[in-house]
Amino acid sequence: MTKKLIECVPNISEGRDKKVIEKIVNEVKTVEGVELLDVDPGHATNRTVITFVGEPEKVITAAFLVIKKSSELIDMSKHSGEHPRMGSTDVCPLIPVSGISMEEVNQYAVKLSEKVGEKLRIPVFLYENSAKNQKRKNLANVRLGEYEGLDKKLKDPKWKPDFGSTDKDVYKKTGATAIGARDFLIAYNINLNTTSTRRANAIAFDIREKGRIARKNNKLTGEILKDKNGETIWKPGTLKHVKAIGWFIEEYGISQISMNLTNINETPIHKVFDEVCEKAQKRGVRVTGSELVGLIPLKSMLDAGKYFLIKQQRSTGISEKEIIKIAVKSMGLNEISLFEPDEKIIEYKIKSKDSKLVNLGLSTFLQETASESPAPGGGSISAYVGALGASLTTMVANLSSHKRGWDDRWKEFSDLAELGQKFIVKLEKLVDDDTNAFNMILNAFRIKADTEDEKIEKESKIQSATLNAIKIPLSIMENSYNLMNLIAKLVKKGNPNSVSDVGVAVLCARAAVLGGYLNVMINIKDLKDVKLKSSMIERAEELKLLSMESEKKILKDVIKTINN
């Protein structure tokens, strides 16, 4: 299951006093599991943008601490700056990154707003996807009048805050805050082989949602068209959720189209790149590459890589690393500066720094297994053997996808390779999960328990850890057995020259199932829930028999193909 991650980007009304900024930012660092990504202070705007990411509950804890500390250290009655603002924490958006829907993020935005209103009494307006009425959806509307206009605004029943107080003694110092769930925004620039800002702007107007001013006969010098109310008519561009402008970058010696992509689910980055390429070509200009300003979600890069692979009629059932490489090469993301996935992709930047078995080199892993430590043991090895079987299976699917003369079947095998990749990921994860499960049992037994309540609590944790240590190898069995269905398909449909490889794959899968079975049976002896124990044993026995039957049938077909 994908880890739920959200990003939070509070904008605080202090960009000059480094000590104040540091104290506020330090609040984020106190929350374990939240990664501080960026702190961007502006002197002229007197505003600092703080960016951090993590699991939802931890993020809203950090966000609350930021809002609280800002309200203590920033006095809005003394604030001035070039940027519009209405509070010590002016705006605090929550943004889905991975494994979570906008609806869920909205629930967290409301939860945070409620807490700010109750605990700090700061007036809170819900905006963007969290707004309860259309007028409050746009941040500019919510912030209209800024801090100086709050007296008048908060007396208007139409602008009663969603949470918090309308007491002037409260908001005189803190001002008001806008909190809401919004889409991830990508700052993206596309490079052109021209120094002409005018040409770059023309392409930007072609593609941006706002488009360009409509003129009579579509001529650049034609009369500007107006509607019946005398308002200027705009001709929309081809891409929704895209803001764009052309400019010349003296440092690079080229013109760029600078864009904000405000809804990457509906208008993904690869679609933007291709559209700009098409519009540029029509104007005699060529795209030479592009650059990302800031971070991008992993899904956006994977979607882009798969998009370009499909255009080439190549298999998408390859590793994340290779898919990302295709995306980087296709969009020329290395042209201005080196695109480092570990620094530019959000999930990679915040990935766990804990040592993992799957990150070890093959020789190191072998020696780690051979050491005196009981973990990694048979369960982890079973998962790894199963993952090797999945890797061989995926290899055969990819080889079949690219086989000469089978061009019309590339998609069929690409889909099978993608399925194989899913088995690799699941079984690879189980390598570490099994070792962690063993360590959980050891830790449970080490708990000191003197009182009767402590003994009951210790036993509860032992049973919970034991159940987990059974579920992990049972999952190894389930996944390895299900892998056999994919192997069977490739034995019959795949490249016959690689049939011996899927033969080895089924041996690996069967070994993983039986290895998982042995670990289920040795751990289940300590489970006290009799009914659950019985059902898990029954399923383990069933998977063992099914896998042995499946292996026998698949090997028969493999040998038949080899002998033909």
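The values are calculated or read from the model by the stated rules, or taken from the named source; none is laboratory data. Keep in mind the model is a prediction, meaning the values are calculated, not measured. Note that each Cβ is placed from the backbone with ideal geometry, even for glycine, and that neighbours are counted across all protein chains shown.
Laid out as a table, the results:
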{"item": "Of all residues in region 333-358 being loosely packed, with under 11 Cβ neighbours inside 10 Å and either under 19 Å from the mean Cα position of the chain (by Cα) or within 25 Å of LEU442 (Cα to Cα) (or both), the one that is modelled with the highest pLDDT", "result": "ASP342"}
{"item": "Residue that is surrounded by the fewest Cβ atoms within 10 Å (Cβ to Cβ), among those in region 253-282 that are outside any loop (DSSP other than H, G, I, E, B) and of a type in the set (S, T, N, Q)", "result": "GLN281"}
{"item": "Single residue of region 198-233 satisfying the filter (modelled with pLDDT under 85 and of a type in the set (Gly, Ala, Ser)) that is farthest from GLU278 (Cα to Cα)", "result": "GLY230"}
{"item": "Matching entry among LYS58, LYS3 (being more than 21 Å from THR174 (Cβ to Cβ) and modelled with pLDDT of 95 or more)", "result": "LYS58"}
{"item": "Pick from region 235-252, criterion assigned to a loop (DSSP other than H, G, I, E, B) and in contact with a helix residue (DSSP H, G or I) (Cβ under 9 Å, 6 or more places away or on another chain), ranking: surrounded by the fewest Cβ atoms within 10 Å (Cβ to Cβ)", "result": "THR238"}
{"item": "So ALA214, is it farther than 30 Å from SER330 by Cα, surrounded by fewer than 23 Cβ atoms within 10 Å (Cβ to Cβ) and either in contact with a strand residue (DSSP E or B) (Cβ under 7 Å, 6 or more places away or on another chain) or without any contact (Cβ under 8 Å) to a residue 12 or more places away in the chain (or both)", "result": "yes"}
{"item": "Any hit, region 150-158, residues being farther than 24 Å from GLY33 by Cβ, modelled with pLDDT under 95 and touching a strand residue (DSSP E or B) at 6+ places or on another chain (Cβ under 9 Å)", "result": "yes"}
{"item": "Subset of region 12-51 [within 17 Å of PHE64 (Cα to Cα) and of a type in the set (S, T, N, Q)]", "result": "SER13, ASN26, THR30, THR48, THR51"}
{"item": "Yes/no for THR30 being farther than 22 Å from GLY164 by Cβ, over 28 Å from the mean Cα position of the chain (by Cα) and β-branched (Val, Ile, Thr)", "result": "no"}
{"item": "Entirely in region 350-466, the helices (runs of 4 or more DSSP H) that have 3 or more residues that are of a type in the set (Phe, Trp, Tyr)", "result": "410-445"}
{"item": "Cβ pairs under 6 Å, 6+ apart, first in region 128-156 and within 23 Å of GLN107 (Cβ to Cβ), second in a loop (DSSP other than H, G, I, E, B) and of a type in the set (A, V, I, L, M)", "result": "LYS137/ALA131"}
{"item": "Residue selected from region 278-303 under the condition in contact with a Lys or Arg (Cβ under 9 Å, 6 or more places away or on another chain), over 15 Å from ASN193 (Cβ atoms) and of a type in the set (A, V, I, L, M), by the criterion modelled with the highest pLDDT", "result": "MET301"}
{"item": "Count of residues meeting criterion [touching a residue at least 12 places away in the same chain (Cβ under 8 Å) and among the basic types (Lys, Arg)] in region 514-564", "result": "4"}
